[in-house]
Amino acid sequence: MGVPAFFRWLSRKYPSVIVPCTEQKPVDINGVRIPVNASEPNPNGVEFDNLYLDMNGIIHPCTHPENKPAPKNEDEMMIAIFECIDRLIGIVRPRKLLYMAIDGVAPRAKMNQQRSRRFRASKETWEKINEMKKIRADLLLKGIVLPPEKPKEEHFDSNCITPGTPFMARLSECLHYYIHERLNNDPGWQGIKVILSDANVPGEGEHKIMDYIRKQRAQPDHDPNTQHCLCGADADLIMLGLATHEPNFTIIREEFKPNQPRPCEICGQVGHEMKDCSGNCIIPSDNPPDVHLSSEVEFIFVRLSVLKEYLEKELQMPNLPFKYEFERVLDDWVFMCFFVGNDFLPHLPSLEIREGAIDRLIGLYKDCVYKTGGYLTDSGEVNLERVQMIMLQLGKMEDEIFKTRQHKELQFKAREKAKKRRSEGFNTARPNWDLVRNTQFEPRAIGQQHTVTNARQEAYNIRRAGMNSQVSHQLQTTNSRTALESMFRPASSDGGSQGNNQGGQKRKMEEEEEEDEQAHDEVRLWEDGFKDRYYESKFDVRPDQLEFRYAVALHYVRGLCWVLRYYYQGCASWKWYFPYHYAPFASDFCNIAGLSTEFELDTKPFRPLEQLMGVFPAASCKHVPEPWAELMSDPDSTIIDFYPEDFKIDLNGKKFAWQGVALLPFVDEKRLFKALEPYYAKLTPAEIKRNIRGDDRLYVSTKNSGYDLVSNLYLQKVDPDAECAVSIDGMRGTVLVSDICVSVGGSLESPVTDLAPLEDNAVCCVRYRDPKYARGYIFRAVKLKGAKDAARVLKPSDLTPQQNRNWRPQIGMAPATQRANLDVAGHRMINHHAPKPPSVYGNVPPPSYMDQRSNYGRGYQGHGNNQSSQRSFDNHGGYSNQRGQGNQDGYRNQGGYNNQGGYKNQGRGGGYGGGNRGGGGGNNYQGGGSYQNNRDQGGRPAGPYRDRYEPNNRYSSRR
């Protein structure tokens with residue numbers, strides 16, 4: 001689920017963390033689709049070693065998408081999942097490992113949140129169906145034609161995406177076929193290892209991935225510079241990636257695009273919500289065309305190495321009384337993010353990400369760390385004495401935080417009211433377009449326009465008509481007595497007071513609405529005494545029961561310790577959970593230093609079918625075994641109280657129902673197991689298979705170096721329960737033979753109707769288990785020896801002026817190799833506009849005898865009928881320009897765009913040639929005529945070449 005609003009905050013504050021993915025698309029050649037060859041180099045400039053897929057982030061958008069028509073059946077859902085994985089493989093192109101993790105049975109702390117989400121989803125679906133029926137009935141009563149109603153069985157229940165359901169069992173079979181097909185036929189999959197952890201393997205998908213990474217890092221032959229890429233939509237994946245301390249960790253996720261069009265549930269059209277539907281739909285034909293409501297979803301990279309650069313700058317703390325270690329500071333940052341929300345604990349009332357809660361915590365941390373004497377955490381262990389110092393400082397700010405929140409809320413409401421009044425005023429003062437009818441300004445169809453004649457008179461007539469319409473409207477809405485009285489009394493005395501009374505009455509109604517909203521909030525955090533009202537309203541305890549408040553805070557602190565250990569060491573206890581719906585205040589964290597942070601050992605997770613009974617509402621009973629489903633609806637059931645048909649959703653100061661708290665009873669696992677015990681014997685073989693705790697499955701093809709080692713297990717007929725240690729391309733663990741392995745050269749039937757069976761198999765499959773460690777082993781949260789930090793992306797703050805000029809930002813995953821260059825036209829433009837350094841003769845006046853234009857002016861004009869004119873300016877840039885007939889232009893540039901050149905003009909009547917060297921110049925005139933000064937000197941430019949001025953010369957303005 002992740003942390004609400006965390007990713008939005010992160011992407012806005014640290015924008016360089018996000019990079020769009022470069023993706024090569026399949027092409028169609030003569031109707032044949034050519035897929036992307038993932039064996040080619042990665043177009044993003046980075047070669048990733050391992051790709052980890054949190055499959056639930058793929059399953060949900062593929063089975064019930066929000067921005068396109070939903071799949072018609074499960075076969076289309078499976079094909080959509082396959083295509084999504086193919087896209088990700090084409091973008092990331094892993095070279096060593098593909099790890100596909102589906103959510104299994106979660107710890108009890110997460111099951112409470114899953115239970116709340118599934119009950120809420122079931123209630124919203126039921127309410128939505130009832131609302132659709134009501135709207136359809138109203139529209140049909142008006143005679144509006146609507147498309148046929150979707151049958152009840154076609155409504156996809158997203159609750160089936162839960163471990164233990166038949167849907168998840170079929171998904172595992174389909175992925176088993178998909179992996180075999182790709183490893184046998186796709187060149188981009190050749191040589192890589194594939195691990196599938198399906199729903200029968202306990203643990204959340206992302207935490208199964210973290211367990212694998214954590215246990216591989218502890219092996220002696222692990223490569224500390226492995227390139228990891230994790231795909232998932234949850235925001236807490238960012239904290240999990242930082243917790244690994246791997247230098248090369250990247251997250252790939254779908255780019256979120258708000259305000260995407262969604263089709264109406266009744267008419268299937270876009271542009272309106274279901275409650276505003278008015279019908280007017282087109283009855284679909286038997287074969288409706290596939291219409292995509294939006295563009296294809298794009299993917300983005302989240303570079304955690306760049307995020308570390310940002311945090312390293314922000315978390316600098318000079319002159320600490322102890323050694324500064326950035327990796328330890330990073331762990332403390334992750335820990336403090338837990339206070340604003342996570343999947344296992346409610347966030348503190350005073351902390352909202354949208355209000356800058358993380359920045360506030362960072363400020364408190366940087367102020368208090370000088371007093372704590374050390375860091376808050378160490379490899380998953382929390383120093384509670386130091387945490388208490390920060391919480392007490394936060395508690396002192398709670399009153400101000402709540403008052404500021406209320407002040408901003410009132411300001412927001414005032415702005416919305418003003419906006420509403422403006423929109424209402426605009427609607428009442430809309431222009432009357434009837435006035436332009438039968439006039440020259442009336443809108444006409446294309447091709448029927450005509451020229452407007454006497455436009456001013458026409459506009460005058462329209463204005464007069466508008467004035468008359470306003471007067472007639474006032475006369476129609478005002479009785480004669482009121483109109484007569486208004487003639488004898490000033491408008492401000494009666495009409496104004498009446499208007500004020502009406503306005504006052506309206507404001508009074510709005511004030512009453514606001515008072516109703518505030519009266520509905522029993523706590524009123526912005527008023528004094530909020531703590532007493534909070535505990536009395538949320539926990540039903542008296543204000544004098546202070547010990548209860550401290551007990552809630554201690555439970556919450558234990559929860560923080562459990563979450564941190566879950567992120568850094570694995571699940572500390574499968575049974576622990578926070579037993580309240582609401583969090584305490586920060587000021588209640590008193591005397592927590594001596595709290596024990598040890599949890600019960602050797603606990604085991606629920607089995608898949610047991611979890612279904614713990615998280616499903618009665619409306620989803622079709623996904624559980626039929627004998628067990630009776631316990632969810634039978635009034636005489638001993639656990640009927642676990643499945644309320646209706647429940648309260650407390651908004652808890654929020655605006656939307658999805659932000660509220662679902663007040664559901666917590667499941668007592670002892671009562672649940674006792675009630676289920678008589679029904680285990682009634683399970684079918686398929687249901688028994690879905691209820692076991694399984695193992696991961698490892699797939700290798702003949703191109704992989706570990707294929708011979710794995711295939712020999714079947715040739716030697718190893719015992720099915722015997723674990724064999726393996727080391728394949730730096731990956732360690734133990735493997736066991738699997739009963740679903742397809743023999744070499746064998747075939748595998750496709751579980752999807754439209755896909756062909758697999759023939760001539762060359763893939764071997766075994767069960768895989770992570771390396772084992774002794775009880776109490778601590779996985780150190782440190783950077784491994786030999787790890788190299790990724791190249792810096794952010795601009796350093798200590799650059800010299802020369803380095804600052806040469807610094808180029810990195811756009812993308814890798815530094816750009818392309819450099820900008822200029823063609824001939826670009827150089828010509830620079831030559832024209834760039835400032836020219838002074839030449840050796842630029843400021844030297846011409847000789848005095850050259851100012852006697854009367855001797856040669858006539859020859860220049862009268863005998864200047866030149867048939868060929870050549871202008872030569874040798875160019876060091878290597879290009880020449882030819883224009884016109886017989887006219888050649890070129891440039892010679894030395895020392896930046898400084899021109900040195902000579903002219904030579906040959907013609908019938910006259911010519912001249914010239915060349916200037918140093919500070920002097922000389923002219924050699926040859927021709928058959930004399931030169932006279934009878935030209936207009938006003939248009940002649942200044943300078944040594946003013947006598948050779950040609951009015952139509954393109955380059956005259958530069959001389």
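The values are calculated or read from the model by the stated rules, or taken from the named source; none is laboratory data. Computed from a predicted model, the values in this text were never measured in an experiment. Note that we place each Cβ from the backbone using ideal geometry, even for glycine, and neighbour counts take in every protein chain shown.
With respect to the conditions (1) surrounded by 11 or more Cβ atoms within 10 Å (Cβ to Cβ); (2) more than 30 Å from residue 112 (Cβ to Cβ), residue 691 lacks only one, and its number is (2). Of all the listed residues (711, 701), the sole one being assigned by TED's automatic domain parsing to the domain that holds residue 192, modelled with pLDDT of 90 or more, within 38 Å of the chain's Cα centre (by Cα) and of a type in the set (Gly, Ala, Ser) is 701. Summed over segment 716-755, the residues that are crowded, with 16+ Cβ neighbours inside 10 Å and touching a His at 6+ places or on another chain (Cβ under 8 Å) give a count of 2.
Within segment 208-237, if we keep just the residues that are at pLDDT 95 or above, farther than 17 Å from residue 730 by Cβ and in contact with a helix residue (DSSP H, G or I) (Cβ under 7 Å, 6 or more places away or on another chain), the residue that is surrounded by the most Cβ atoms within 10 Å (Cβ to Cβ) turns out to be 230. Inside segment 69-79, residues that are surrounded by 19 or more Cβ atoms within 10 Å (Cβ to Cβ) and under 24 Å from the mean Cα position of the chain (by Cα) make up a count of 1. Within segment 1-59, the set of residues being among the small types (Gly, Ala, Ser), surrounded by 19 or more Cβ atoms within 10 Å (Cβ to Cβ) and part of a helix (DSSP H, G or I) comprises 57 only.
Screening residue 664 against (1) within 35 Å of the chain's Cα centre (by Cα); (2) aliphatic (A, V, I, L, M); (3) within 17 Å of residue 107 (Cα to Cα); (4) part of a loop (DSSP other than H, G, I, E, B) leaves a single unmet condition, (3).
Is it the case that some residue within segment 74-88 is in contact (Cβ under 8 Å) with a residue 24 or more places away in the chain and part of a loop (DSSP other than H, G, I, E, B)? First the steps, then the outcome.
So in segment 74-88, the residues in contact (Cβ under 8 Å) with a residue 24 or more places away in the chain come out as 74-75, 78-79, 81-82, 84-88.
With the extra rule that they be part of a loop (DSSP other than H, G, I, E, B), the set shrinks to none.
No, because not a single residue in segment 74-88 is in contact (Cβ under 8 Å) with a residue 24 or more places away in the chain and part of a loop (DSSP other than H, G, I, E, B).
Screening residue 628 against (1) of a type outside the set (Asp, Glu); (2) in contact (Cβ under 8 Å) with a residue 40 or more places away in the chain; (3) out of contact with any Phe, Trp or Tyr (no Cβ under 7 Å at 6 or more places or on another chain) leaves a single unmet condition, (3).
Taking the stated definitions as given, is residue 348 assigned to a loop (DSSP other than H, G, I, E, B) and within 26 Å of residue 113 (Cβ to Cβ)? The answer is yes for residue 348. Only residues that are closer than 30 Å to residue 352 by Cβ and either of a type outside the set (A, V, I, L, M) or part of a helix (DSSP H, G or I) (or both) were counted in segment 559-614, giving 30.
Filtering segment 81-113 to residues that are over 21 Å from residue 236 (Cβ atoms), among the hydrophobic types (A, V, I, L, M, F, W, C) and under 21 Å from the mean Cα position of the chain (by Cα) leaves 81, 84, 85, 89, 91. Considering (1) surrounded by fewer than 10 Cβ atoms within 10 Å (Cβ to Cβ); (2) closer than 30 Å to residue 566 by Cβ; (3) at pLDDT 90 or above; (4) not β-branched (Val, Ile, Thr), the lone condition that residue 760 does not fulfil carries the number (2). May I ask you to say which residue of 533, 524, 565, 542 is surrounded by fewer than 21 Cβ atoms within 10 Å (Cβ to Cβ), under 26 Å from residue 389 (Cβ atoms) and not hydrophobic (A, V, I, L, M, F, W, C)? Residue meeting the stated conditions: 565. Scanning segment 750-760 for residues that are part of a loop (DSSP other than H, G, I, E, B) and touching a helix residue (DSSP H, G or I) at 6+ places or on another chain (Cβ under 8 Å), we see that the one that is farthest from residue 170 (Cα to Cα) is 760.
Enumerate the strands (runs of 3 or more DSSP E) found wholly within segment 183-273, keeping only those where 2 or more residues are under 25 Å from the mean Cα position of the chain (by Cα) and within 21 Å of residue 61 (Cα to Cα).
Numbers: elements: 193-197, 228-231, 249-254.
Qualifying strands (runs of 3 or more DSSP E): 228-231, 249-254.
For segment 679-721, the tally of residues that are among the aliphatic types (A, V, I, L, M) and more than 21 Å from residue 744 (Cβ to Cβ) stands at 5. Residues in segment 741-760 include at least one that is over 30 Å from residue 72 (Cβ atoms) and in contact with a Gly (Cβ under 8 Å, 6 or more places away or on another chain).
This table checks each residue for (1) in contact (Cβ under 8 Å) with a residue 60 or more places away in the chain; (2) in contact with a Cys (Cβ under 8 Å, 6 or more places away or on another chain); (3) of a type in the set (Gly, Ala, Ser).
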| residue | (1), (2), (3) |
| --- | --- |
| 133 | no, no, no |
| 167 | yes, yes, no |
| 183 | yes, no, no |
| 188 | yes, no, yes |
| 209 | yes, no, no |
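Give 774, 820, 787, 834 a once-over and let me know the one that is exposed (fewer than 15 other Cβ atoms within 10 Å of the Cβ), small (Gly, Ala, Ser) and touching a residue at least 12 places away in the same chain (Cβ under 8 Å).
Details: 774 fails: touching a residue at least 12 places away in the same chain (Cβ under 8 Å); 820 fails: touching a residue at least 12 places away in the same chain (Cβ under 8 Å); 787 fails: exposed (fewer than 15 other Cβ atoms within 10 Å of the Cβ).
Checking each option against the conditions leaves just 834.
Beta carbons closer than 9 Å, at least 6 apart along the sequence or on distinct chains, pair a first residue in segment 515-542 that is farther than 12 Å from residue 402 by Cβ and modelled with pLDDT of 90 or more with a second that is hydrophobic (A, V, I, L, M, F, W, C) and part of a helix (DSSP H, G or I) for 535/548; 535/552; 539/548; 539/552; 541/548; 542/548. Taking every residue in segment 315-337 that is over 12 Å from residue 370 (Cα atoms) and pairing it with any residue that is among the aromatic types (Phe, Trp, Tyr) and in a loop (DSSP other than H, G, I, E, B), at least 6 positions away or on another chain, the pairs with Cβ-Cβ distances below 9 Å are 316/324; 325/375; 328/375; 329/375; 331/375; 332/375. The residue of segment 368-389 that is farthest from residue 242 (Cα to Cα), among those that are assigned to a loop (DSSP other than H, G, I, E, B) and of a type outside the set (Ser, Thr, Tyr), is 373. Among the numbered conditions (1) out of contact with any Phe, Trp or Tyr (no Cβ under 9 Å at 6 or more places or on another chain); (2) not aliphatic (A, V, I, L, M); (3) not in a helix (DSSP H, G or I), the only one that residue 360 does not meet is (3).
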